[in-house]
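The values are calculated or read from the model by the stated rules, or taken from the named source; none is laboratory data. Keep in mind it's a predicted model, so treat the numbers as computed, not measured. No Cβ is skipped: glycine too gets one built from the backbone with ideal geometry, and neighbour counts run over all protein chains shown.
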Amino acid sequence: MKEVNIGDVVDAVTESGQPVKALVVCVHSQECINTVYASTDPAKQDSYGRQIERMDSLSRKGQSTAPGGRWFEA
């Protein structure tokens, strides 16, 4: 299992099953992190670019605690 640190980019899947590249902003443990990513919704665009979305308490792929099918893989 690859160690995850703040500032790393991980592969993640949102509640809707959309794959995204996410930036790690908090490491609760090596199995649970908080991330931010650029929204996949083209309507969420403003003068700064694509809006940012967050996924908190994101579980590592294969962990049974992953809510709503969300997960990350380092």
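Below are the figures for this structure:
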item: Output for segment 26-74, where each listed residue is among the β-branched types (Val, Ile, Thr), farther than 14 Å from Glu3 by Cα and at pLDDT 90 or above; result: Thr35, Val36, Thr40, Ile52
item: Selection count where residues are under 13 Å from the mean Cα position of the chain (by Cα) and in a strand (DSSP E or B), scope segment 18-60; result: 25
item: Positions within segment 62-74 being loosely packed, with under 15 Cβ neighbours inside 10 Å and part of a loop (DSSP other than H, G, I, E, B), in sequence order; result: Gly62, Gln63, Ser64, Thr65
item: Whichever residue in segment 1-49 is closer than 16 Å to Arg70 by Cβ and in contact (Cβ under 8 Å) with a residue 60 or more places away in the chain and, among such residues, is surrounded by the fewest Cβ atoms within 10 Å (Cβ to Cβ); result: Asp11
